[in-house]
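Have a look at the structure below before the remarks.
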Amino acid sequence: MEKARTVPDSYPLSLNSLLLGCNQKSSRDPLMELDEAQVATALDELKSAGLVRESSGGRTTRYEHNFQRGIGVFEQSAVLLGLLMLRGAQTAGELRLNSERWYKFADISSVEGFLEELQDRSPEKGGSLVVKLARGPGTREQRWAHLLCGPVDTTHTGLGRSAEGSGNTAERIERLEAEVAQLRETVQKLCSELGVSPPGHA
């Protein structure tokens, strides 16, 4: 789903390209270490579910996703679900920034609107596809997580810790430092796209 939007000239993907994409280390949560056999097995399962198609023509078999139609969601919703699958739980603001290369949302409220639709999806259509997580200690915004793999493990996201766990100062500092690093990266990216110097630089 990501490569279809970010590198359309290389899409659909060969088995080797899929393997490299699955094991990519940047902007991934969780990180994966799959081998070719595991990717091939997953492809067979996804084809059976109507979520992947084989492309004919050429010497190498290539694969393309059929996620939007297979799950039955709008393009914007498919983009948000794709980002949640690749990068883990995120706030609406983070999703809007991270979706720039996939789809340009007008504002955060439009992102929230599609997330709420996915959360309120009727049982006839398969039920909720995302969940809004409880606000974690020291955080201002709530994060969203997908439900495509079943109920969310809030201990993995670090957002469901008890008050007792929130007292771990070292852990909180580490989490804040990671958030600051991510914010710096986002600011640098935006400044680069706008052609301006980052704050504090001549």
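Every number in this text was worked out from the coordinates using simple rules, so none of it is lab data. Keep in mind the model is a prediction, meaning the values are calculated, not measured. Note that each Cβ is placed from the backbone with ideal geometry, even for glycine, and that neighbours are counted across all protein chains shown.
Some points to look at:
- For the chain, the mean residue ellipticity at 222 nm estimated from helices alone is -13500 deg cm²/dmol, where every DSSP H run of n ≥ 4 contributes -39500 (n - 2.57) and the total is divided by all residues, rounded to the nearest 500.
- Computed over the chain with a Gaussian network model linking Cα atoms closer than 10 Å, the most mobile of 16, 98, 66 is 16.
- Summed residue charge, Cβ within 9 Å of residue 15's Cβ, Lys/Arg positive, Asp/Glu negative: 0
- Once the Cα gyration tensor of the chain is diagonalised, semi-axes √(5λ) in Å: 30, 22, 18
- Point-charge dipole on Cβ atoms (K/R +1, D/E -1) for the chain, about Cα centre, debye to 20: 260
- Taking only the alpha carbons of segment 93-138, we obtain Rg and Dmax values of 12.5, 38 Å in that order.
- Helix 169-194 and the longest principal axis of the C-alpha atoms of the chain enclose an angle of approximately 60°.
- Candidates 15, 81, 118: whichever shows maximal mean-square fluctuation once the chain is modelled as a Gaussian network with Cα springs under 10 Å: 15
- Degrees, to the nearest 10: 36-48 long Cα axis against longest axis of the chain: 80
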